[in-house]
Amino acid sequence: MAEELRWALIVISVFVIGGLLIHGLWSVRKKDNPDVEQQERVEPNEASAETSESSQPYAQERDEPEFGDLSFTAENTEEPDVEVEEAADTEEQPESPAPTDFIIVHLQMPEGLAMEGSQLLPAVNMLGFKYSDEGFFNRHLDPAGTGPVLFRLVNMYNPGTFDIDNMEQFSTAGVSLFMTLPCDGDGLSAFNMLHSAAKKLADEFGATILDSNREEMTVDSVREYVEKVRSFSA
């Protein structure tokens, strides 16, 4: 009996010692493996970083702003410099105040019809307009074409000007008359002349007189214009 017990203890001891040896080997292997595993984990990250770097030029190309955005940015960056230069010029030499408002009257032809240049040129000449180098017809204080400009006649459609040398080939669906406020001389008198010229041209071509909102001119519209002119004449 004692002999059997002795052998049982020996077997148990062998298993315990073997288990300890296996555990020890496993612990040592576990300590060594993290470095290997860490290196294995780093490699994909480095590869992905290289892939990311190689894809950056393509991403930059796709993120470039469009031409319209560049134009918009350029205008914004230039404005402060312009303002500084204008402020400097103002300090050095006072300038006359800029116009603060406009009186605008449009003459719109019926759909499908147009003002022919061969008819428009003599009509505006009869009303005292003089052609300017800018391509507009100006009505000066003096009908002979001298003195300050009271109001102007322009093409309602692009480019807004008239080619005096090719009026025979010219036609437009509408023209516009406008004056700046404040104006030189008697503002009310200038507006009355503008309104009278608009009515005569409208009768000549069968056009409709429109206000600044391109709505048909009414008595109330004329009164609003008169009040606006008076506010700048006071």
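The values are calculated or read from the model by the stated rules, or taken from the named source; none is laboratory data. On a predicted model such as this, the values are computed, not experimentally measured, just so you know. With ideal geometry, Cβ positions are generated from the backbone for all residues, glycine too; neighbour counts draw on all protein chains shown. Quick note on the areas: whole protein, heavy atoms, side chains included, nothing else; ligands and nucleic acids left out. Shrake-Rupley method; radii C 1.70, N 1.55, O 1.52, S 1.80 Å.
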Pairs with Cβ under 7 Å, 6+ apart, first in segment 140-155 and closer than 18 Å to ALA198 by Cβ and of a type in the set (A, V, I, L, M, F, W, C), second in a strand (DSSP E or B) and open to solvent by 70 Å² or more (accessible area, probe 1.4 Å) = LEU150/LEU141
Go through (1) more than 18 Å from MET217 (Cβ to Cβ); (2) modelled with pLDDT of 95 or more one by one and return the number of the condition SER132 breaks.
-> (2)
Among the residues of segment 170-194, write down those that are touching a residue at least 60 places away in the same chain (Cβ under 8 Å) and assigned to a helix (DSSP H, G or I).
-> PHE191, LEU194
One residue from THR180, THR208 being touching a strand residue (DSSP E or B) at 6+ places or on another chain (Cβ under 7 Å), farther than 21 Å from LEU121 by Cβ and modelled with pLDDT under 95 = THR180
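Here is a list: PHE162, PHE151. Which entry is at pLDDT 95 or above, within 22 Å of GLN108 (Cβ to Cβ) and outside any strand (DSSP E or B)?
Of PHE162, PHE151, the one residue that is at pLDDT 95 or above, within 22 Å of GLN108 (Cβ to Cβ) and outside any strand (DSSP E or B) is PHE162.
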Residue hits (segment 172-192; open to solvent by 60 Å² or more (accessible area, probe 1.4 Å) and closer than 21 Å to GLU215 by Cα) are ASN192
Could you please find all residues in segment 157-171 being crowded, with 18+ Cβ neighbours inside 10 Å and within 31 Å of the chain's Cα centre (by Cα)?
-> PHE162
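Determine which member of the set SER171, SER176 is farther than 29 Å from SER233 by Cβ and of a type in the set (Ser, Thr, Tyr).
Just a single option satisfies the conditions, and that option is SER171.
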Name the single residue, out of those in segment 111-127 being in contact (Cβ under 8 Å) with a residue 60 or more places away in the chain and closer than 11 Å to ALA173 by Cβ, that is surrounded by the most Cβ atoms within 10 Å (Cβ to Cβ).
-> MET115
Among the residues listed as ALA190, ALA198, the single one being under 15 Å from LEU127 (Cα atoms) and touching a His at 6+ places or on another chain (Cβ under 9 Å) | ALA198
Does PHE137 satisfy the condition of being in contact with a strand residue (DSSP E or B) (Cβ under 7 Å, 6 or more places away or on another chain) and open to solvent by less than 60 Å² (accessible area, probe 1.4 Å)?
-> yes
